[in-house]
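Participant: Structure below; questions to follow.
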Amino acid sequence: MKTIYVDNNATTRTAPEVVEAMQPYFSELYGNPSSMHFFGGQVEKAVKEARAKMAALIGADPEEIVYTSCGTESDNSAIWATLRSYPEKRHVITTRVEHPAINNLVNYLRQSDYRVTEVGVDREGRLNMDHLRDAISEDTAVISVMWANNETGVVFPVEEIAELATRHGVVFHTDAVQAVGKIPINLKESKIALLSLSGHKLHAPKGIGVLYIRKGTKFKPFVVGGHQEKGRRGGTENVPYIIGLGKAAELAMNSIEEETTRVKALRDKLEKGLLSIIPNSMVNGDSKNRLPNTSSISFEYVEGESILIHLSNLGICASSGSACTSGSLEPSHVLRAMGVPFTAAHGSVRFSLSVYNTEEEIDYILEHVPGTIEKLRSISPFWKDGSLLTGTTSCAVKPGAPQ
Ligand code: PLP
């Protein structure tokens, strides 16, 4: 059975060029970049070059790049370091659709005597900017809004929010884990103070992340230890992965155009094809401001998990909700925040493509998904002979279901 991997927002294939670039740093080039001798020095030089490549991808200065272990650590680090830098301020603003790396952190903060405002989104997943503006107060230490949503791909106006935050003397952080490598990012002219990214979402390995810290941003470190990363994150550098991420950043610089043209065209073909064949199906998320690779599609009156199992048996790897929430039968918090009706949120599947996907793969999905949905609907109590049973409301909301 062939593998059709369309779950790239969960993780990506490590590019062969990245594996090759990392190889020597697992074997002969094992020196510590902090060592005084020539052996460590040559590794230090390679780390410096990788840092420059990483910085170039997001229009940053190499000194503004701090390596971490993952996107989650970068997110935690950004928020904690800011709160520690402004101990007199006790208010945090974020959104209702963040990844658990922020979502669960602010839940924890709420229990630790911080005030948290979670700004809502509309039916298309767009942020309520009036709510965000009104929430800012003298007590606000940090605003954290993701650059792009991992489930729907909706892109948020982070540059505008960063300007707003700066005018009010508030630090702005963005979780750009899903955006980096998929859409152009240039921090040179922006007011974004802190930005998180993760290697395994852009064809580098799992276990490496970056926190961008704009020059001049107050930052009391979260991971305290040695003097590495100019005292902003203790711990001996993960040299092979830093080198790998540098290579991945270089590849991404060259592939962003392909992401926004060829990959987007494949995604659009997939969406159009599925929606035209399958009744009672819909795309979740703003059609204008969306990542080029992501498609969250709801197939009403079928369970997302059942669809995934059937697709998996056909070799198609997709996701329902985020990887972290799949496995639970609760519809995703993102779709619930958008007010997607229960019957649609429950039957949502996320397809997320990469430059490694081909037209043949999309054709294979288009050939097999409609039959899968039809089969599952044939055993649904709401569905008979290709349509909803009379007396059943399309998009009915299950009583008591969280919206
Ligand atoms: N933020 C977003 C938007 C994500 O999609 C993810 C991973 O899915 C993370 C943070 C966490 O990144 P990591 O897996 O590197 O900890």
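Participant: Excluding residues on the same chain fewer than 8 positions from LYS48, give the aspartates and glutamates whose Cα lies under 15 Å from its Cα.
Facilitator: ASP61, GLU63, GLU64, GLU229, GLU237, GLU250
Participant: THR166 to ARG115: extension gain in nm, 0.36 nm per residue of separation minus the Cα-Cα distance?
Facilitator: 16.4 nm
Participant: By per-residue mean of other Cβ atoms within 10 Å, what is the highest-first order of 372-381, 144-153, 291-300, 78-87?
Facilitator: By packing density, highest mean first, the sequence is 144-153, 291-300, 78-87, 372-381.
Participant: Take the chain, connect every pair of alpha-carbon atoms lying under 10 Å apart with a spring to form a Gaussian network, then pick out the residue of ASN238, ASN284, ASN313 with the largest mean-square fluctuation.
Facilitator: Evaluated over the chain, the most mobile residue of the options is ASN313.
Participant: Restrict the search to segment 230-338; then list the trypsin sites (Lys or Arg not before Pro) that DSSP places in a loop and that have at most 15 other Cβ atoms within 10 Å of their Cβ.
Facilitator: LYS288
Participant: At a 1.4 Å probe, what is the % contribution of carbon and sulfur to the accessible area of the chain?
Facilitator: The computed percentage sits at 53.
Participant: When the helices in the chain are scored as -39500 (n - 2.57) per DSSP H run of 4 or longer and the sum is shared across all residues, what 222 nm value do you end up with, to the nearest 500 deg cm²/dmol?
Facilitator: -11000 deg cm²/dmol
Participant: Over segment 16-252, what is the relative contact order in whole percent, taking alpha-carbon pairs under 8 Å and six or more residues apart?
Facilitator: For segment 16-252, the relative contact order is 28 percent.
Participant: Reachable aspartates and glutamates from LYS288, Cα under 13 Å, same-chain residues fewer than 8 places away excluded?
Facilitator: Leaving aside aspartates and glutamates fewer than 8 places away in the same chain, those within reach of LYS288 are GLU124, ASP268.
Participant: Regarding segment 62-171, what is the average projected area of its C-alpha convex hull, in nm²?
Facilitator: One quarter of the hull surface, i.e. the mean projection, equals 7.4 nm².
Participant: Please give the contour-minus-distance gain from GLU330 to LEU366: 0.36 nm per residue of separation, less the Cα-Cα distance, rounded to one decimal in nm.
Facilitator: Working it through step by step, the gained length comes to 10.3 nm.
Participant: DSSP loop (so not H, G, I, E, B), at most 14 other Cβ within 10 Å: list which trypsin sites (Lys or Arg not before Pro) in segment 10-76 pass both filters.
Facilitator: Those satisfying the criteria are ARG13.
Participant: Sequence gap at least 6, Cα distance under 8 Å: using those rules, report the relative contact order of the chain to the nearest whole percent.
Facilitator: 21
Participant: I'd like to check one number: the per residue accessible area of segment 156-216, probe 1.4 Å, reported in Å² as a whole number.
Facilitator: Heavy-atom SASA per residue in segment 156-216 reads 32 Å².
Participant: Segment 93-123 to segment 161-209: how many Å between their Cα centroids?
Facilitator: 18
Participant: Seen from all sides and averaged, what is the projected area of the convex hull of the Cα atoms in segment 16-252, in nm²?
Facilitator: 12.5
Participant: Calculate, in nm to one decimal, what LYS272 and LYS220 gain on full extension: separation in residues at 0.36 nm each, minus their alpha carbon distance.
Facilitator: Between LYS272 and LYS220, full extension yields 13.9 nm more.
Participant: Which of rounded, prolate or oblate describes the chain when judged by the alpha-carbon gyration tensor and an a/c cut-off of 1.5?
Facilitator: Note, shape of the chain comes out oblate.
Participant: List the lysines whose alpha-carbon lies under 29 Å from that of LYS45, not counting same-chain residues fewer than 8 positions away?
Facilitator: Candidates past the 8-residue exclusion: LYS53, LYS182, LYS188, LYS201, LYS206, LYS215, LYS218, LYS220, LYS230, LYS247.
The values are calculated or read from the model by the stated rules, or taken from the named source; none is laboratory data. This is a predicted model, so every value here is computed, not measured. Cβ coordinates were reconstructed from backbone atoms using ideal geometry, including for glycine residues, and neighbour counts include every protein chain displayed. Please note that ligands, DNA and RNA were not included when accessible areas were found on the heavy atoms of the full protein model with its side chains. Shrake-Rupley method; radii C 1.70, N 1.55, O 1.52, S 1.80 Å.
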